[in-house]
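K.L.:
First the structure, which I've put down as structure tokens, then a few questions once you've had a look.
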Amino acid sequence: MSFSEVVDLIYNIFNYSLFSISGVQVTLTSLFMFAIWLALFGLLSKFLRKGVLNLLSKTQIDEGTRYVFARIIQYLVMVFGALLAFQFVGIDLSGLAVIFGFLSVGIGFGLQNITSNFVAGLILLFERPIKVGDRLLVGDVEGDVVEINIRSTTVRTINNVHIIVPNSDFISNN
């Protein structure tokens, strides 16, 4: 087998149509590029979040507000990156709106716990009943809020043990 035949074989493998979405052929190359775009925007979002936190730490804004602002920027960059990655692959999201609608109903019923934690995370980030740095009592364990994520909150106990608490516990319990 010659070198040009090997190159042609590799090209054909990476450009072989795996399946089609809304008339767009999805290949290994497009999936690889999709993953690269998501990874790049994931890194960019983390870098921006840390940069915003460092920049805002020099202001008079309290720690909880800085944290919320940095998280919102991180989530917006990730959503923008996902949309851009889909467009780069050639998948028009307007054609998938009905499918995503059906999936969201299924997710709502099938993953109620995760969905309630997600919504509770948004409530915690925007309403701010608890903030990073707050001391609270979770069950019978006392600790400080270290990080509020979209699905769970990390609490560091007095003994320096990190506990991950679902966000819905903060909304529905005392």
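The values are calculated or read from the model by the stated rules, or taken from the named source; none is laboratory data. These numbers come from a predicted model, not from an experiment. Don't worry about glycine lacking a Cβ; one is built from the backbone with ideal geometry, like all the others, and counts go over all protein chains shown. Calculation scope for accessible area: heavy atoms of the full protein, side chains included, ligands and nucleic acids excluded. Shrake-Rupley method; radii C 1.70, N 1.55, O 1.52, S 1.80 Å.
K.L.:
Probe of 1.4 angstrom, ligands and nucleic acids ignored: what's the accessible area per residue over the chain, in square angstrom?
P.N.:
I get 66 Å² per residue for this part.
K.L.:
Subtract the Cα-Cα distance of GLU147 and SER57 from 0.36 nm times their separation in residues, and report this length gain in nm to one decimal.
P.N.:
Here the answer is 30.8 nm.
K.L.:
Follow-up. Find how much the distance from PHE3 to ILE114 grows on full extension, using 0.36 nm per residue of separation minus their present alpha carbon separation; answer in nm with one decimal.
P.N.:
That works out to 34.8 nm of additional length.
K.L.:
Also: What value, in deg cm²/dmol to 500, does the helix sum -39500 (n - 2.57) over DSSP H runs of n ≥ 4 give at 222 nm once divided by the residues of the chain?
P.N.:
For the chain, the value works out to -20000 deg cm²/dmol.
K.L.:
Turning to a different aspect of this structure: Assign one of three labels to the range 110-172, namely rounded, prolate or oblate, based on the Cα gyration tensor with a ≥ b ≥ c the square roots of its eigenvalues; rounded applies when a/c is under 1.5, prolate when it is not and a/b is larger than b/c, and oblate otherwise.
P.N.:
Prolate.
K.L.:
Please enumerate, by chain and number, the lysines with C-alpha under 18 Å from the C-alpha of LYS58, excluding those fewer than 8 residues away in the same chain.
P.N.:
In chain and number order, the partners are LYS50.
K.L.:
Would you look at the GNM of the chain, springs on alpha carbons closer than 10 Å, and say which of ILE91, ILE158, ILE114 moves the most?
P.N.:
ILE158
K.L.:
Among LYS131, LYS50, LYS58, which one shows the highest mean-square fluctuation when the chain is modelled as a Gaussian network with alpha-carbon springs under 10 Å?
P.N.:
LYS58
K.L.:
Could you work out how far apart the two model spin labels at LEU136 and LEU28 are, taking each label as a point 7 Å from the Cα in the direction of the beta carbon, and quote it in nm?
P.N.:
About 4.8 nm separates the two model spin labels.
K.L.:
Also, quick follow-up: For LYS131, give me every one of the aspartates and glutamates with a C-alpha distance below 12 angstrom, ignoring sequence neighbours fewer than eight places off in its own chain.
P.N.:
Counting by Cα, and skipping residues close in sequence, LYS131 has these aspartates and glutamates nearby: ASP62, GLU63, ASP144, GLU147.
K.L.:
So, one more: When Cα Rg over 2.2 N^0.38 Å is calculated directly from the model, which label among [x] 1.24; [y] 1.08; [z] 1.39 fits?
P.N.:
[z]
K.L.:
Loop only per DSSP, at most 11 neighbouring Cβ atoms within 10 Å: give me the chymotrypsin sites (Phe, Trp or Tyr not before Pro) in the range 1-86, ordered by residue number.
P.N.:
For chymotrypsin sites (Phe, Trp or Tyr not before Pro) across the range 1-86 that sit outside H, G, I, E and B with at most 11 neighbouring Cβ atoms in 10 Å, the list reads TYR16.
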